[in-house]
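Structure, as structure tokens:
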Amino acid sequence: MKRNNSVYPAALNCDDILHEILLRIPPPTISKLIIVSKIWLRVICSPSFRQCYVRQWGQSFRLLGFFVCNFLYLGRPRDGYRRPRWEPALPILSTCKDGDDLKLSGILKHLGYFVDSSKGIILSGFHPKAYYVYNTVTKQKYELPEPQQFYKVLCMALIVEEYLDSDICYKVIRARCECKLKERNTVSIETYSSKSRQWKQSTLMCSTTLALCPRTAAMVVGGVVHWFAMWGKLAIYDPRLGDRYIALIKLPTGVLTHEHEESVLGESSDGLLQYGQSNNLGLEIWILEKEAGANSSIYCNCTHLKYKWILRWRLNFKVLWKQMPSLSTHSKETQILSFLPQNSTSIFIRSGWNILLCDLETKTVEIVNYQGRGGTISWESSKVVPYFLKKKKK
């Protein structure tokens, strides 16, 4: 049958038709099609397509467990807290057999303290000199060279990129946090690239005074780094635009703003930054959206960020507890723990030593069963982070 060449290209130039065609392409192939044309790139990267695609093909990750990072041991001075011998440096609360296997493999004993993870890659080490990157899929461990700069207090970021040939490229960023709150508009950073295998020192400039929150890991969305900053602000750094500028915006204002106890960052299913805050009464979820006419160049301007916060979810915990009357600890301590990767409707929350998975759309909750020392975790001084592994491509 002879194809009508005049009709075929026209169909593929129609966004609606192309949208339906691309929805049928499996995950291992869809990311490669962005190079076909600008139209294909626009459709594949659009929020509406990403939402439909995730619903049709499902999430591309699975939960292995929760890593526990005790801040008391990070950057510990000589006379500071010492980790007891019975407590592992990199404890994991396993939720499945693969998590058990990772825990029993012995590799975690040689990775130091947990710092961050992305796409199955674990960043860990001993501040401020020794850092390791571990690939759970290939079971390979990489020891990074010793950084050039000494930062007594710092925050970090892990950027992981996957190329078409399945090679993984990553960057590790160390950002200096000032111990004394001085009037500064610069941030000293040091970046390690797996391509160059070297650390590079840079100084980022901001249009106003800023100070990053110490001992935190950044949320990377679309290659852009987001750090919590002091005084209720968020710092934004885009490495793709050069090592020159860092932007600062206020965190959203809501009913929990002056009384929230926990704050987390994540990525929504439509590729936007999510901000969640909670206290014992409830939680709020906000989305950072571009305003009309905004583009990537605003990050290097650092003067007028054309972004706005949109409240997407608000939930009173009493709604959840009515479903689970047997959960006796809910009235004491409840906090938001983490978002799920690229899922704007589900979050992990903690109630006592229980970890719960909450669906914000249906307002339903279920207990996440895990193996570990949940009852002995110092929740006030620890960060509990879910660890996801990318599903193998078929």
Quiz item: So which residues in segment 118-127 are closer than 14 Å to K141 by Cβ and polar (S, T, N, Q)?
Solution: S124
Quiz item: Restricting the search to segment 113-159, which residues are hydroxyl-bearing (S, T, Y) and either assigned to a strand (DSSP E or B) or modelled with pLDDT of 95 or more (or both)?
Solution: Y113, S117, S118, S124, Y131, Y132, Y134, Y142
Quiz item: Hey, any hits in segment 172-184 for a residue that's surrounded by fewer than 19 Cβ atoms within 10 Å (Cβ to Cβ) and in contact with a strand residue (DSSP E or B) (Cβ under 6 Å, 6 or more places away or on another chain)?
Solution: no
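Considering L204, L108, L154, L144, which residue is within 21 Å of R240 (Cα to Cα) and open to solvent by less than 90 Å² (accessible area, probe 1.4 Å)?
On the way: L108 fails: within 21 Å of R240 (Cα to Cα); L154 fails: within 21 Å of R240 (Cα to Cα); L144 fails: within 21 Å of R240 (Cα to Cα).
Result: L204 is the single residue among L204, L108, L154, L144 that is within 21 Å of R240 (Cα to Cα) and open to solvent by less than 90 Å² (accessible area, probe 1.4 Å).
Looking at segment 257-273, which of its residues are at pLDDT below 90 and crowded, with 20+ Cβ neighbours inside 10 Å?
H260, S268, S269
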Exercise. Identify, by number, the condition in (1) surrounded by fewer than 19 Cβ atoms within 10 Å (Cβ to Cβ); (2) assigned to a strand (DSSP E or B) that S196 doesn't meet.
Key: (2)
Quiz item: Residues in segment 113-135: is at least one over 30 Å from S202 (Cβ atoms) and loosely packed, with under 15 Cβ neighbours inside 10 Å?
Solution: no
Quiz item: Of everything in segment 241-256 that's at pLDDT below 85 and open to solvent by less than 40 Å² (accessible area, probe 1.4 Å), which residue is nearest to W379 (Cα to Cα)?
Solution: L256
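The values are calculated or read from the model by the stated rules, or taken from the named source; none is laboratory data. Values in this document were obtained by computation on a predicted structure and should not be read as measured data. Cβ: placed from backbone, ideal geometry, glycine included. Neighbour counts: every protein chain shown. Side chains are part of the model used for accessible areas, which takes the heavy atoms of the whole protein and leaves out ligands, DNA and RNA. Shrake-Rupley method; radii C 1.70, N 1.55, O 1.52, S 1.80 Å.
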